[in-house]
1. If you go through segment 76-86 one residue at a time, do you hit one that is of a type in the set (Asp, Glu), out of contact with any His (no Cβ under 6 Å at 6 or more places or on another chain) and under 25 Å from Pro14 (Cβ atoms)?
2. Limited to segment 5-34, what total is found for residues that are β-branched (Val, Ile, Thr) and modelled with pLDDT under 90?
3. Please work out which one of (1) in contact (Cβ under 8 Å) with a residue 60 or more places away in the chain; (2) on the phi > 0 side of the Ramachandran plot is the condition Leu15 fails and give its number.
Amino acid sequence: MNLTDIFADDSEKPLPKPNAVRRLSGDEGPWNPEHVRGIICNPCYAGVGPYPGLVPEAAWVHAAVRTIQEDGAEQFLVNMLQMLRESFEHAHLQFGEAEDE
């Protein structure tokens, strides 16, 4: 099996839209299910990249498993990718890294 075999079957299948929202620090508004999903789907809360772990890794994994069982793996992974992109974009801006020219 090679990468072409792995990606060929499903690459044309549309993905679900993200249904998780990254809640920003200092947000005083009400929480909603999309905010909670954003935490569960974001491994940065368990300590990834420049972010310290805010929840125990085991707790994050168990919550992720329950979410995958409820929402499906495809939806979880779409949400996780979105949360990671937003988190690392925020880290890039927060820590003042030079932008690529």
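1. If we filter segment 76-86 for residues that are of a type in the set (Asp, Glu), which is where we start, we get 86.
Checking which are out of contact with any His (no Cβ under 6 Å at 6 or more places or on another chain) leaves us with 86.
From the residues that got through so far, the ones that are under 25 Å from Pro14 (Cβ atoms) too are 86.
Taking every residue of segment 76-86 in turn, at least one turns out to be of a type in the set (Asp, Glu), out of contact with any His (no Cβ under 6 Å at 6 or more places or on another chain) and under 25 Å from Pro14 (Cβ atoms).
2. Initially, segment 5-34 is screened for residues β-branched (Val, Ile, Thr), giving 6, 21.
Narrowing the set further to residues that are modelled with pLDDT under 90 leaves 6.
Total satisfying the criteria: 1.
3. Tallying (1) in contact (Cβ under 8 Å) with a residue 60 or more places away in the chain; (2) on the phi > 0 side of the Ramachandran plot, Leu15 fails exactly one: (2).
Let's see how each residue does on (1) within 15 Å of Leu77 (Cα to Cα); (2) surrounded by 10 or more Cβ atoms within 10 Å (Cβ to Cβ):
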{"site": "Asp5", "(1), (2)": "no, no"}
{"site": "Pro14", "(1), (2)": "yes, no"}
{"site": "Asn19", "(1), (2)": "yes, yes"}
{"site": "Asn32", "(1), (2)": "no, yes"}
{"site": "Val36", "(1), (2)": "no, yes"}
{"site": "Pro43", "(1), (2)": "yes, yes"}
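The values are calculated or read from the model by the stated rules, or taken from the named source; none is laboratory data. All values derive from a computational prediction rather than experimental measurement. Counting neighbours? That spans all protein chains shown, and the Cβs are built from the backbone with ideal geometry, glycine included.
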